[in-house]
Amino acid sequence: MKDKNKRQKFTLISILLFLLLSFPILSAANKIAYWFHIPSLYVYLFLVWGFAILLLYITAESKPGVKNKNE
Amino acid sequence: MNNWVVIISALLYLGILFGIAYYAEYRFKKGKSIINNPYIYSLSLAVYCTAWTYYGSVGRVSTHGIDFLGYYLGPTIMSALFWPVLRKIIRICKTQRINSLADFISTRYGKNFSLGIIVTIFCVLGIIPYIALQLKAISTSFTILTQTSGAGSFAGFWKDNTFYFTILITIFIILFGTRSVDATEKHEGLVAAIAFESIIKLIAFIVAGIFITYFLFDGFGDIFSKASQSTELQQLFVLGNNTSYSSWTSLVILSMLAVVFLPRQFQVSVVENVQESHVKKAVWLFPLYLLVINIFVLPIAFGGLLTFGNGTDADTFVLALPLHYNQNLMGLLIFIGGFSAASSMIIVETIALSTMVSNSLVLPVLFSSTGFKASERSVRSTILTTRRLSIILLLILAYVYDKAVAEHFTLVSIGLVSFAAVAQFAPSIIGGIFWKGGSKNGAMAGLIIGFIVWSFTLVVPSMISAGYLQASIVSNGLFGIEWLKPHSLFGLTGLDSITHGFFWSIFLNCCAYLFVSVYSKKNAQEIYQAEIFVDIFKHSSTQDSNTIWRGTAYLPDLNSLLESFMGKEKAEKILSNYATRYKIPMETKRADPRLVSFAEKVLSGVIGSASARIMVSSVTKEEELKIDEVIHILRESQQMIELNKELRRKSSELQRATDQLTSVNEQLKDMDTMKDEFLYTVTHELRTPLTSIRAMAEIVHDNNDIPEDQKQKFLSGVIKETERLSHLITQVLNLERYESGRQKLTSSSVLLNMLIDESIESIEALANEKQILIVKQMPDSMFIVQCDADLIQQVLNNLLSNAIKFVDAGSGVIKVSVHLNHDEIQVWVEDNGKGIAEELHELIFDKFFQAKNQTLKKPQGSGLGLAICKKIIEMHHGKIWVESEEGKGSRFIFTLPSN
């Protein structure tokens with residue numbers, strides 16, 4: 001059960017990332033615009049990237065909850 | 001910079017690499033593995049970042065803008081799938097002893113060796129250009145650093161530094177990559193060196209980035225605002241300049257697949273994986289590495305474009321910028337970083353390819369040829385030689401390709417063609433581990449069609465532009481057929497060439513794989529392997545003990561087969577270990593089927609599954625299994641697991657029942673002895689008054705002449721003893737009723753104060769007679785308890801009359817008090833009598849305790865009073881005990897639960 005749960009979380013994350021990095025969401029950031037002089041697309045991609053790593057870190061390193069303790 | 005400084009630095013760097021690899025192997029022999037560490041594992045995955053990342057990303061920005069990030073965002077998405085996908089592949093490879101991509105696919109589809117050959121050839125053709133690309137990067141960076149004449153003036157390989165670097169790397173690979181014939185054994189030294197190279201290239205690139213961004217320019221903002229002033233450069237900030245969403249998406253998908261299916265990635269992430277759990281760290285550390293190494297790509301690219309304009313080859317900006325500002329030392333560091341990126345890729349890729357070439361291409365052909373015998377002593381050296389020769393051959397091919405073709409292209413365009421090549425494995429592998437329906441024919445069809453389309457759409461155009469083929473194929477189509485143009489196959493236009501080639505190849509590949517799989521028949525071996533691969537987490541525990549091999553095999557044959565591949569000592573150890581583990585007799589001449597299966601699996605680790613199958617069948621006589629038999633075996637093993645579980649559950653239930661029975665039996669035995677004792681004491685107790693009655697009656701009967709008052713005395717004695725007798729009998733009957741549980745409680749709400757008052761009243765006359773003071777101490781509140789009033793009254797009476805018995809007449813004081821303690825009410829009956837010794841505190845509640853202890857002064861009473869009290873209180877779920885010291889009086893306490 002524990003493993004299945006983790007597998008689902010990771011699969012969800014990958015789908016979410018794929019959507020965030022595809023048309024049409026990507027087109028919102030794909031403009032000649034700046035954020036503190038830095039191109040918006042560049043900022044957007046790195047933000048998504050950093051967010052992805054954080055999410056992966058939390059999911060990978062999380063201990064199974066109390067509910068799963070008996071498994 | 002001086003030629004020799006650069007060469008010596010590179011040599012020094014290679015020396016360090018040799019040192020690290022050697023040290024890691026040394027440590028491993030001492031039993032301390034360096035690479036058994038999740039951080040080293042994650043770093044080794046970073047072999048994904050090659051010279052292409054190092055130099056090529058910057059080059060890509062100058063033409064395509066931001067889209068280079070797709071190569072690293074794809075792997076980030078994939079690393080989320082490491083847990084569900086990669087971990088499964090690792091588990092399969094570990095249990096099946098698979099050590100290459102080709103072996104994986106051929107094992108999955110029934111250990112078919114033609115599939116292995118196809119995959120191997122495909123890999124070699126797809127990856128050689130990629131290795132060549134690394135060599136090109138080394139030579140280009142060398143040329144720039146030493147500022148010698150350009151790469152165009154090739155004056156023969158003996159004057160070419162790349163040639164010598166290639167030789168050194170070849171030596172390194174042969175030294176640390178072909179130590180053992182067992183390819184499933186980890187390459188400790190190699191992986192340690194790769195992890196080290198990952199650190200070096202990261203540091204070098206970051207240093208270059210910081211230098212260019214913060215020393216040549218004034219930070220990110222400065223570079224970007226300068227670049228944004230040029231409308232031409234501004235276009236690079238967005239997708240759409242030479243790129244579109246479709247090519248961006250195909251890039252992301254390509255790199256997603258590449259990060260698992262590139263032979264070097266498969267090698268480090270699966271074959272060299274020591275523990276499955278290391279994947280957990282890699283899931284986030286690997287993308288983090290990718291993010292960090294990419295932060296400065298854009299600033300470097302724009303810095304270069306702002307400094308040099310479009311005149312210089314953008315692939316070289318990283319190196320050219322510091323050199324332009326005369327930072328030679330920095331240039332050297334960057335060169336070393338690029339060198340490490342290139343060499344790590346070459347090393348791992350070559351190892352992976354050489355395993356494939358030897359195990360899936362050369363050895364199956366060699367072993368199935370009639371002239372070859374397994375018992376030849378040279379077989380191990382044959383394998384190692386094959387592997388070494390293939391390493392040399394691969395690097396020669398790469399070197400030749402570099403010199404002949406690669407000079408015409410930028411770094412990225414070659415790399416992407418390789419990515420598209422390995423992406424062709426995705427349907428067979430992903431389908432193979434999640435779909436039992438995938439068949440050998442399907443995989444074969446998919447791979448071949450994918451391969452043909454890939455060659456036609458991506459390789460042919462590059463051959464044309466290198467001048468090896470006629471240009472008319474591109475403009476007019478193959479054989480002049482309009483819809484066979486490499487860049488617009490079947491008339492599809494509007495995509496860039498990579499997206500176009502990738503789309504058609506993977507689409508047709510998937511279709512062929514799926515449809516042929518569904519419409520073709522599978523053989524027994526395929527069905528068995530499909531079951532094992534797809535349900536690996538279910539099977540990996542039972543796998544070793546369950547087998548589908550059937551036939552005749554002789555142990556000595558099997559033994560000598562293993563010996564010739566593994567060496568005598570190791571072969572014996574492995575076989576006997578396995579035999580002891582599964583309790584297989586080794587004395588018989590005939591080999592157990594499990595041993596045959598096991599031997600085949602061990603051999604797979606050395607020579608690949610297809611060859612292992614050929615070898616094992618050469619020394620055994622195998623009967624072919626029918627499909628329904630295989631299915632039967634598989635189902636049986638499933639049922640066995642279920643049955644086993646059921647059996648274990650049943651037996652533990654049985655055990656529990658037995659335990660219960662034993663304890664009940666013990667109780668019964670105890671009760672039986674207790675009953676005996678009870679009977680004995682009761683009769684004894686009954687006889688005492690009976691004896692005295694009889695004695696007194698006899699006196700009166702025999703002596704007519706005794707005086708009247710004497711006679712009266714004896715008669716009243718008789719009456720008293722009779723009363724005692726009947727009292728005793730009542731008590732015994734009562735006790736028996738309580739113990740048997742026949743006495744039912746008639747509970748009602750009772751005012752405890754009243755109950756105590758009544759008891760004291762009934763006993764007051766007796767107390768007065770002995771001049772004993774009874775003190776009552778009650779809190780003001782009323783205590784209402786739920787109990788059987790008559791029974792509790794009996795307890796109170798009993799305790800009070802006991803107290804009266806044991807206190808001295810005249811000075812005796814009895815105190816009755818009630819205390820509230822949490823959720824129970826305590827009733828204390830205290831006296832200032834002679835007290836009870838500590839060791840008797842529990843015994844006095846036993847039946848006939850007094851009678852059994854004849855040493856005590858025997859007072860009146862049956863000896864059942866306290867036993868009855870205890871029983872009654874227990875029936876009310878209360879407790880009764882005594883606190884006392886000898887000579888200091890005693891305090892009897894019983895509790896009743898309060899509502």
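The values are calculated or read from the model by the stated rules, or taken from the named source; none is laboratory data. From a predicted model like this one, the values you see are computed outputs, not experimental measurements. Counting neighbours? That spans all protein chains shown, and the Cβs are built from the backbone with ideal geometry, glycine included.
Cβ separations smaller than 8 Å between residues 6+ apart or across chains give the following pairs from the range B:311-332 residues that are free of Cβ contacts under 8 Å to residues at least 60 places away in the same chain to residues that are small (Gly, Ala, Ser) and in a helix (DSSP H, G or I): B:THR312/B:GLY304; B:THR312/B:ALA320.
Might you check whether a residue that is modelled with pLDDT of 90 or more, surrounded by 12 or more Cβ atoms within 10 Å (Cβ to Cβ) and at the interface with another protein chain (Cβ under 8 Å from one of its Cβ atoms) occurs anywhere in the range A:57-70? Scanning the range A:57-70, I find at least one residue that is modelled with pLDDT of 90 or more, surrounded by 12 or more Cβ atoms within 10 Å (Cβ to Cβ) and at the interface with another protein chain (Cβ under 8 Å from one of its Cβ atoms), so the answer is yes.
Scanning the range B:206-223 for residues that are more than 12 Å from B:PRO322 (Cα to Cα) and crowded, with 24+ Cβ neighbours inside 10 Å gives a single hit, B:ILE223.
Of everything listed in (1) more than 24 Å from B:SER611 (Cβ to Cβ); (2) surrounded by 19 or more Cβ atoms within 10 Å (Cβ to Cβ), the single unmet condition for B:SER564 is (1).
Does the range B:79-96 contain any residue that is more than 11 Å from chain A (Cβ to nearest Cβ), over 21 Å from B:LYS538 (Cβ atoms) and among the hydroxyl-bearing types (Ser, Thr, Tyr)? No; the residues of the range B:79-96 include none that is more than 11 Å from chain A (Cβ to nearest Cβ), over 21 Å from B:LYS538 (Cβ atoms) and among the hydroxyl-bearing types (Ser, Thr, Tyr). Checking each residue in the range A:9-48 for being more than 9 Å from chain B (Cβ to nearest Cβ), surrounded by fewer than 17 Cβ atoms within 10 Å (Cβ to Cβ) and touching a helix residue (DSSP H, G or I) at 6+ places or on another chain (Cβ under 6 Å) picks out only A:TRP35. Report yes if A:ILE53 is facing another protein chain (nearest Cβ under 7 Å) and modelled with pLDDT of 90 or more, otherwise no. Criteria met by A:ILE53.
Results for (1) within 39 Å of the chain's Cα centre (by Cα); (2) at pLDDT 85 or above; (3) crowded, with 24+ Cβ neighbours inside 10 Å, shown as yes or no for each residue.
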position: B:GLY338; (1), (2), (3): yes, yes, yes
position: B:SER378; (1), (2), (3): no, no, no
position: B:ARG388; (1), (2), (3): yes, yes, no
position: B:ILE396; (1), (2), (3): no, yes, no
position: B:SER413; (1), (2), (3): no, no, no
position: B:ALA423; (1), (2), (3): yes, yes, yes
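Looking across the range B:186-235, the residues that are more than 9 Å from chain A (Cβ to nearest Cβ) and modelled with pLDDT under 80 come down to B:LYS186, B:SER230, B:THR231, B:GLU232, B:LEU233.
Let's see how each residue does on (1) within 30 Å of B:SER100 (Cα to Cα); (2) under 38 Å from the mean Cα position of the chain (by Cα); (3) modelled with pLDDT under 85:
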position: B:PRO287; (1), (2), (3): yes, yes, no
position: B:ILE300; (1), (2), (3): no, no, no
position: B:GLY311; (1), (2), (3): no, no, yes
position: B:SER343; (1), (2), (3): yes, yes, no
position: B:GLU349; (1), (2), (3): yes, yes, no
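Filtering the range B:283-299 to residues that are facing chain A (nearest Cβ under 9 Å) and assigned to a helix (DSSP H, G or I) leaves B:VAL283, B:TRP284, B:LEU285, B:PRO287, B:LEU288, B:LEU290, B:LEU291, B:ASN294, B:LEU298. Somewhere in the range B:835-845, is a residue modelled with pLDDT of 80 or more and small (Gly, Ala, Ser)? Scanning the range B:835-845, I find at least one residue that is modelled with pLDDT of 80 or more and small (Gly, Ala, Ser), so the answer is yes.
Results for (1) without any contact (Cβ under 8 Å) to a residue 12 or more places away in the chain; (2) on the phi < 0 side of the Ramachandran plot, shown as yes or no for each residue.
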site	(1), (2)
B:ALA695	yes, yes
B:ASN734	no, yes
B:GLY741	yes, no
B:SER749	no, yes
B:ASN797	no, yes
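Listed conditions (1) within 14 Å of chain A (Cβ to nearest Cβ); (2) assigned to a helix (DSSP H, G or I) are all met by B:GLU276, apart from (2).
Of the helices (runs of 4 or more DSSP H) lying entirely inside the range B:62-128, those containing at least 3 residues that are over 26 Å from B:ILE614 (Cβ atoms) span B:70-80, B:87-96. If you go through the range B:238-251 one residue at a time, do you hit one that is facing chain A (nearest Cβ under 10 Å) and in contact with a Lys or Arg (Cβ under 9 Å, 6 or more places away or on another chain)? Yes, some residue in the range B:238-251 is facing chain A (nearest Cβ under 10 Å) and in contact with a Lys or Arg (Cβ under 9 Å, 6 or more places away or on another chain). Restricting B:ILE449, B:ILE429 to those that are within 33 Å of the chain's Cα centre (by Cα), crowded, with 16+ Cβ neighbours inside 10 Å and touching a residue at least 40 places away in the same chain (Cβ under 8 Å) reduces the list to B:ILE429. Residues in the range B:500-508: is at least one hydroxyl-bearing (Ser, Thr, Tyr), modelled with pLDDT of 75 or more and in contact with a His (Cβ under 6 Å, 6 or more places away or on another chain)? For the range B:500-508, residues hydroxyl-bearing (Ser, Thr, Tyr), modelled with pLDDT of 75 or more and in contact with a His (Cβ under 6 Å, 6 or more places away or on another chain): absent.
Please determine whether any residue of the range B:130-149 is charged (D, E, K, R) and within 13 Å of another protein chain (Cβ to nearest Cβ). It would help to see each step written out before you state the result.
Residues of the range B:130-149 that are charged (D, E, K, R), as a first pass: B:136.
Subset that is within 13 Å of another protein chain (Cβ to nearest Cβ): none.
Checked against the condition, which is being charged (D, E, K, R) and within 13 Å of another protein chain (Cβ to nearest Cβ), the range B:130-149 yields no hits at all.
Tell me yes or no: at least one residue of the range B:766-777 is surrounded by 13 or more Cβ atoms within 10 Å (Cβ to Cβ) and within 15 Å of B:LEU896 (Cβ to Cβ). Checking the range B:766-777: not a single residue is surrounded by 13 or more Cβ atoms within 10 Å (Cβ to Cβ) and within 15 Å of B:LEU896 (Cβ to Cβ).
Return the only residue of B:GLY303, B:GLY309 being away from every other protein chain (no Cβ under 14 Å) and surrounded by fewer than 24 Cβ atoms within 10 Å (Cβ to Cβ).
B:GLY309
For B:GLY65, the requirement of being within 12 Å of another protein chain (Cβ to nearest Cβ) and farther than 28 Å from B:SER358 by Cβ is met. Scanning the range B:645-690 for residues that are among the hydroxyl-bearing types (Ser, Thr, Tyr) and within 60 Å of the chain's Cα centre (by Cα) returns B:SER651, B:SER652, B:THR658, B:THR662, B:SER663, B:THR673. Of all residues in the range B:88-126, those satisfying the criterion of being closer than 21 Å to B:MET78 by Cα and not hydrophobic (A, V, I, L, M, F, W, C) are B:LYS88, B:ARG91, B:SER100.
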